[in-house]
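Participant: Below is one structure. I have some questions about it.
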2 protein chains.
Amino acid sequence: MVINKASLTDQIYNLLKQKILQREFELGQQLKTRQIAEDNGISLMPVRDALRRLSNEGLVDNKPRVGFFVKNFSENEINDILEVRKMHELYCLENYFAEINRQEIKKLEGKFEKNSSASFFNRYDIKLHQEIVKASHNQYLIDSYFKLINHFTMLFNYLNHKRSKFSRQEHTELVNCILNNNKEKAYRLLYRHLDRVEIAADAKLD
Amino acid sequence: MVINKASLTDQIYNLLKQKILQREFELGQQLKTRQIAEDNGISLMPVRDALRRLSNEGLVDNKPRVGFFVKNFSENEINDILEVRKMHELYCLENYFAEINRQEIKKLEGKFEKNSSASFFNRYDIKLHQEIVKASHNQYLIDSYFKLINHFTMLFNYLNHKRSKFSRQEHTELVNCILNNNKEKAYRLLYRHLDRVEIAADAKLD
């Protein structure tokens, strides 16, 4: 089998990205080029290319003459990212509640109650929030939200951890409100839910 | 004097970008590579590189085997872009009114009344809206707004044209409201102003 260099970079990029998003590394942890190359039986070049690409996407910090590190977030950055998320989601829930795709939300019914694994929970979590934003049918607004989606995912996975019990209940209630067309309660729940994520973020950093 | 290829690309890129933003071309107008090269006494390569860069930024459409065209906006796209702008500005005015930099707004006092040229008017216009967003001091939110700033500028310059008299008055009132700390009126004005821009966009397309 012939493996070309481009696809090798793609493969190691995808592997590292998934590991970062699924919190298999610690925030701020150094990603050692040589070790990654050895572990995966490949040369240094594709590993460096992949790490540079992740650095361009803001998932990895590239410290010149020191090395690559999993992106770590200051308290300010976490609050800033969560605020951008809040602005998008609350705007869409407020203005496009009727347009939220009920068929897709219906599929999420009961998903947050079950004792599903963290990775399943996170997938449904992200899906629920995305459906609210997609309801705008505004491609520029959706793109603007999705540009930060990897940062949201990192923060969800690194922060939700401690509060998954609360979060399951909040998501279940939100799904029910959308399916019951209770816009006011849905807005209050989402507002409170997003605020709680901020509090959880703060607590984590204390 | 030695001019390297990179800086030639930069120069023609900056020239074309400015011309597009200042509406020296029509929306949808073809940008002929050969003619631009001849007019500026340069070869085809830097012109093509510059046009590809503008295409990556969404200011130029690159139609394979046809050529490059100044970005034209469908009615839906205009409304989508203006909605993203509205979401950012109204959110910031609502949540960060007290943080708007009064010294910078003070500099805009009287600027919209004078019979200034369209290019001055547009500069002050953009500055006023930017100051509202900057008040959030949220770098992710500001970046998210600025990613669309070239599209806003194109739309301002191509659409404001017909309604600059209204717009001058609206901007003067908005500046006064901010300086007088009248948040409610400022919010109403901005909301109405941004709605009017949408109406003007619609009218243009009829």
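Participant: For helix B:44-56, what angle does its Cα long axis make with the longest principal axis of chain B, in degrees from 0 to 90 and rounded to 10?
Facilitator: 30 degrees
Participant: When Cβ neighbours within 10 Å are restricted to other protein chains, what is their mean count per residue of peptide A:90-99?
Facilitator: Shielding by partners across A:90-99 averages 1.
Participant: How many percent of the accessible area of the protein assembly as shown is carbon or sulfur, using a 1.4 Å probe? Mind showing how you got there, number by number?
Facilitator: Working: 10180 of 21540 Å².
Solvent-exposed carbon and sulfur of the protein assembly as shown make up 47 percent of the total.
Participant: Would you mind working out the magnitude of the charge dipole of chain A relative to its Cα centre, with +1 at each Lys and Arg C-beta and -1 at each Asp and Glu C-beta, to the nearest 20 Debye? Please report the intermediate quantities before stating the final value.
Facilitator: Working: 33 positive and 28 negative charges, 98 e Å.
Computed about the Cα centre, the dipole is about 480 debye.
Participant: Springs between alpha-carbon atoms under 10 Å, Gaussian network over chain B: tell me which of B:41, B:58, B:67 tops the mean-square fluctuations.
Facilitator: B:41
Participant: For segment B:6-44 and segment A:25-82, write down the distance between their C-alpha centroids in whole Å.
Facilitator: Their Cα centres are 38 Å away from one another.
Participant: Just to be sure I understand the model, the point goes 7 Å from the Cα along the line to the Cβ. What's the resulting residue A:26 to residue B:24 distance in nm?
Facilitator: Taking the two extended label points, one gets 5.6 nm.
Participant: Return one number: the angle in degrees, 0 to 90 and rounded to the nearest 10, between the long axis of the Cα atoms of helix B:5-21 and the longest principal axis of the Cα atoms of chain B.
Facilitator: Rounded to the nearest ten degrees, it is 50.
Participant: For segment B:63-161, what class follows from the C-alpha gyration tensor (a ≥ b ≥ c being the square roots of its eigenvalues): rounded when a/c is under 1.5, otherwise prolate if a/b is larger than b/c, else oblate?
Facilitator: Oblate.
Participant: Mind checking A:136-144 for the average number of partner chain beta-carbons within 10 Å of each residue's beta-carbon? Intermediate values should be presented prior to the final figure.
Facilitator: Working: counts 4, 2, 9, 5, 13, 6, 2, 5, 7.
Mean shielding count: 6.
Participant: So with the 1.4 Å probe, I'd like the accessible area per residue for chain A, rounded to whole Å².
Facilitator: Working: 10760 Å² over 206 residues.
Accessible surface, normalised per residue, equals 52 Å².
Participant: Rounded, prolate or oblate: which fits the protein assembly as shown, taking a ≥ b ≥ c as square roots of the Cα gyration tensor eigenvalues, rounded meaning a/c under 1.5, else prolate when a/b beats b/c? Walk me through the intermediate numbers first.
Facilitator: Values: a/c = 1.85, a/b = 1.16, b/c = 1.60.
Since a/c reaches 1.5 but b/c is at least a/b, the shape of the protein assembly as shown is classed as oblate.
Participant: Here's a follow-up. Would you calculate the separation in nanometres between label points at residue A:15 and residue A:55, each defined as 7 Å from the Cα along the Cα-to-beta-carbon direction?
Facilitator: The two pseudo-label positions are separated by 2.0 nm.
Participant: How big is the B/A interface in buried accessible area, both sides summed, 1.4 Å probe, to the nearest 100 Å²? Display every interim value, and only then the final one.
Facilitator: Details: alone 11640 and 11620 Å², together 21540 Å².
Buried: approximately 1700 Å² between A and B.
Participant: OK, next. Using 1/(1 + (r/R0)^6) with R0 = 51 angstrom and r between the beta carbons of residue B:98 and residue B:74, what's the FRET efficiency to the nearest 0.05?
Facilitator: Details: r = 39 Å, r/R0 = 0.76.
About 0.85, to the nearest 0.05.
Participant: With unit charges on the beta carbon (Lys/Arg positive, Asp/Glu negative), name the residue among B:182, B:149, B:100 whose Cα is farthest towards the positive pole of the charge dipole of chain B.
Facilitator: Selected residue: B:149.
Participant: Moving on to the next point. Quick one: helix B:149-159 against the long Cα principal axis of chain B, what's the angle to the nearest 10°, folded into 0 to 90?
Facilitator: 80 degrees
Participant: Oh, and also: State the extension gain, in nm to one decimal, for the chain segment bounded by residue A:176 and residue A:147, taking 0.36 nm per residue of separation less the distance between their alpha-carbons. Let's see the in-between values first.
Facilitator: Details: separation 29, 0.36 × 29 = 10.44 nm, distance 2.83 nm.
Length gained between residue A:176 and residue A:147: 7.6 nm.
Participant: When a/c is below 1.5 the answer is rounded, else prolate if a/b is larger than b/c, else oblate, so apply that to segment A:17-62 with a ≥ b ≥ c taken from the square roots of the Cα gyration tensor eigenvalues. Each step should come with its number before you reach the end.
Facilitator: Working: a/c = 1.90, a/b = 1.33, b/c = 1.43.
Cα axes put segment A:17-62 in the oblate bin.
Participant: For residue A:31, which sequence-distant residues (separation of 5 or more, or a different chain) have an amide H within less than 5 Å of its own amide H, given hydrogens modelled in the peptide plane?
Facilitator: A:68, A:69, A:70
The values are calculated or read from the model by the stated rules, or taken from the named source; none is laboratory data. None of these values were measured; they are calculated from a predicted model. Neighbour counts are summed over all protein chains in view; Cβ atoms, including those assigned to glycine, are modelled from backbone coordinates with ideal geometry. Just the protein is used for accessible areas: all its heavy atoms, side chains included, with ligands, DNA and RNA removed. Shrake-Rupley method; radii C 1.70, N 1.55, O 1.52, S 1.80 Å.
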